[in-house]
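One structure below.
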Amino acid sequence: MSRAVSSPGRGLMVGGALLMVVAALLPVAASLLPVGAAATVLWLVSMPGCLAGAALTAAGLLRRRRGQPDRDEGWG
């Protein structure tokens, strides 16, 4: 069985989406913790984690776009 060739940037997109989901679940985990300091740290880490995940997803999307030929090449 041959394995499908993955497109460039796919790993970044999957990793970024996974990071966003995990970071979005951090406030839920913080609300379940009885310790105030640990809950505060989870709340504070959640927003930069979501932003980092969005940046990784965008970088993966740009890498995929750069690897594909332009669709308007034949019109000029």
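For the reader, a short list of remarks on this structure follows.
- Residues within region 16-51 that are under 11 Å from the mean Cα position of the chain (by Cα) and surrounded by 15 or more Cβ atoms within 10 Å (Cβ to Cβ), tallied: 7
- Any hit, region 65-72, residues being modelled with pLDDT of 90 or more and under 18 Å from the mean Cα position of the chain (by Cα): no
The values are calculated or read from the model by the stated rules, or taken from the named source; none is laboratory data. Given the structure is predicted, the values throughout are model-derived calculations rather than measurements. We place every Cβ from the backbone using ideal geometry, glycine too, and count neighbours over all the protein chains shown.
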